[in-house]
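Structure first, commentary second.
The values are calculated or read from the model by the stated rules, or taken from the named source; none is laboratory data. Computed from a predicted model, the values in this text were never measured in an experiment. Cβ coordinates were reconstructed from backbone atoms using ideal geometry, including for glycine residues, and neighbour counts include every protein chain displayed. Surface accessibility is based on the protein's heavy atoms, side chains included, excluding ligands, DNA and RNA. Shrake-Rupley method; radii C 1.70, N 1.55, O 1.52, S 1.80 Å.
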Amino acid sequence: MDFYYRQGHEKYFVSRIEKYGSTVVRINVPRGPFMVLDPRVVALLDAKSFPVLFDPSKVEKRNTLGGTYVASTTLTGGHRVCAYLDTSEPAHAKAKQMLLSLLHSRRDAFIPAFRSNFSSLLSVVEMQLKVGKGKPVDFNKLNDVAVYDFLGEAYFGARPSAFTPDLASKAGKWLLLQLCPLATLGLPMLIEEPLLHSVPLPPALVRGDYKALHAYFSAAGAAAIDEGEKLGLSREEACNNLIFATTFNSYGAMKLLLPGILTCISGDEKLHKKLAVEIRAAVAGAGGEVTLAALERMELTKSVVWEALRLDPPVKFQYGRAKADMLIESHDAVYEVKKGELLLGYQPCATRDARVFGDTAGKFVADRFVGEDGRKLLRYVYWSNGRETEDPTVDNKQCPGKDLGVLVGRMFLVQLFLRYDTFTVKVTNGPLGTNVAFTSVTKAPAA
Ligand code: HEM
C-alpha cells in the first residue's frame, strides 16, 4: 500500500533510508503473494553500492528483468529473450550481437527517420493548438505513435503504421500487460489491487496483438533475422528478440524519455533561448544540416539530455541475484549479502545521491555535465544499466541502445529548437512517468 498508494515509489525508498539510517536495506517489495513466492530484496539506494549490479561476475541476471516477478514466456513467443538472459547463457551473446550489429548497420537512418516523424508530430501539435484555440495538446499520445514509427523506420526502413495502422497501440497493450504489475492506473485501490497487482493478467488477452507484431517484424526485419541466423539463433528466436528489443526495450523506454525531457526543461525560457542559440549555430556550421558532427558540438544540449536521464531515468528498477556470498559497500558501511539473495537497485536514489552531486542532486541543472569537471560526473549516470563512461558488449548487461537513447534525446531538442523559440506545457503524473500537454509554441522567425 505504501509503495503504490500511500507514498509512491520514490517516497517508499527514501522513507526507508531515513527510518533505518542506511542506504542498503533489506525490505519486501510488491507484487502480491499470487504473483511472487518471495518478496524479499536487498535494496541498493546510493551511488556507491548500486554499480555492483553492473558486474556479471558478481550478479546473475537470469530472469531478473522484472525482479521478483517473471513474466510468462507466452508473451514472447515461448522464448527467453536477451534482456532475460544472463551473460553466462550462450544465447545472450548471440542475441545481443544481432542487436548491436543492427544498430550499427542502420546508424545513417537514425537522423532522417527521427526528423521526418517528429516534424510531422510538431505540425500536428501546431494544427491542434490552432483548431482548439489553445486547448492543451496531449504530447504523450502523439509521441506514442511517432516513436514507434521512428523505430520501425530507423531499424528496418518500414513504418509500422504503414503495415498495420494501429500497430503502436497493439504494441502498447502488449507492453501494458508486462508493466502493469508496477503501475497504478489511477483506478480505486479496491479495483487495482486484485486486477493489476495480485495475479498475472492472462497472456491470451494480447495474443492477437502479438500476432500482428510478429507479422510486421518477420516481414520488415527479415535482414536482421538473417543476421541472427548467421550468429546461431533460430529464425523464431531472432524475430522474438527483435520484437522485444524494439517494443519493450526501445519503445517502452522512449515513451517515457521524451515526456521526461520536456518536463525537465518546461517553464525555463532562458534555457530555451540558450538551447536555440547553440543548436542553430551548430546546424548553420554544418551547412544547415543536422549531422552527427553538429550534434557532437552541442555541449549544453548534450548535458540537458544526460541531466534528464540522471534526474528521471526512464527505467528505474534494476535487479540481480548475488552469485556468491559477498560484501557490498555504501559510502558509510559494508554489508554482508548471501549467495542467491535478490538485489534491487532503485536508480533515482543512486543518481540523485547528494554525496556525488552535492546540494543540487535533486534538482535539474541544465549545464551540470558541461566542461571537463562536468564530464567527470558522467561515470555516476547509470540509466543504461552501466556507467555513461562505459560501453555495452556481449559480455555485460549494459543497454545496447545506450548511444541511440542519448541521440534520440538530442535530436528531440534539436527538432524543438530549430522550430520554436520557446513553448509552454502542462505536466501531470501518468501511470509510469509524466504526461505532458503543449499549451503554446512560439515559432522561430525562420521556421
Ligand atoms: C532511453 C532509452 C532506453 C533506456 C532508458 C534503456 C534502459 C535499459 C536498462 C536500464 C537496461 C537494463 C535492464 C536490466 O537488466 O534490468 C536495458 C537493457 C537492454 N536494452 Fe535498453 N534502454 C533504452 C533504449 C534501448 C534501445 C534503443 C534498445 C535497442 C536495441 C535497447 C535494448 C536493450 C536490450 C536488448 C537490453 C538487454 C541487454 C542485455 O541483456 O545485455 N534499449 N536498457
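Of the accessible area of segment 374-419, computed with a 1.4 Å probe over protein heavy atoms only, carbon and sulfur atoms account for 49 percent.
Backbone geometry of segment 361-373 corresponds, through the Karplus equation with coefficients 6.51, -1.76 and 1.60 at θ = phi - 60°, to 3J(HN,Hα) couplings of 3, x, 10, 7, 10, 4, 9, 4, 9, 7, x, 5, 5 Hz, x marking Gly and Pro.
Rounded to the nearest 500, the 222 nm mean residue ellipticity of the chain from helices alone is -14000 deg cm²/dmol, with -39,500 (n - 2.57) taken per DSSP H run of at least 4 residues.
Taking the three principal axes of the alpha carbon atoms in segment 174-308, the coordinate ranges are 53, 49, 21 Å, sorted in descending order.
About its Cα centre, the dipole of segment 133-198 is roughly 220 debye, where the only charges are +1 on Lys and Arg Cβ and -1 on Asp and Glu Cβ.
The ellipsoid that matches the Cα gyration tensor of the chain has semi-axes, each √(5λ) in whole angstrom, of 32, 27, 23, with the longest given first. Solvent exposure of segment 232-320, expressed per residue, is 34 Å² of accessible area, with all protein chains present and a 1.4 angstrom probe.
Between Asp395 and Asp108, residue separation times 0.36 nm minus the direct Cα-Cα distance comes to 100.7 nm. Accessible surface area normalised per residue over segment 122-183 is 43 Å², counting heavy atoms of protein chains with a 1.4 Å rolling probe. Taking all protein chains into account, the per residue accessible area for segment 381-420 stands at 28 Å² (1.4 Å probe).
Quick one: compute a quarter of the convex hull surface over the Cα atoms of segment 26-104 and quote it in nm². Quarter of the Cα hull surface area: 7.0 nm².
The string of couplings for segment 83-93 from the Karplus curve (6.51, -1.76, 1.60, θ = phi - 60°) is 5, 8, 9, 7, 5, 7, 8, x, 5, 4, 4 Hz, one whole number per residue in order, with x for Gly and Pro. Surface composition of segment 19-123: carbon plus sulfur atoms hold 54% of the accessible area, using a 1.4 angstrom probe and ignoring ligands, DNA and RNA.
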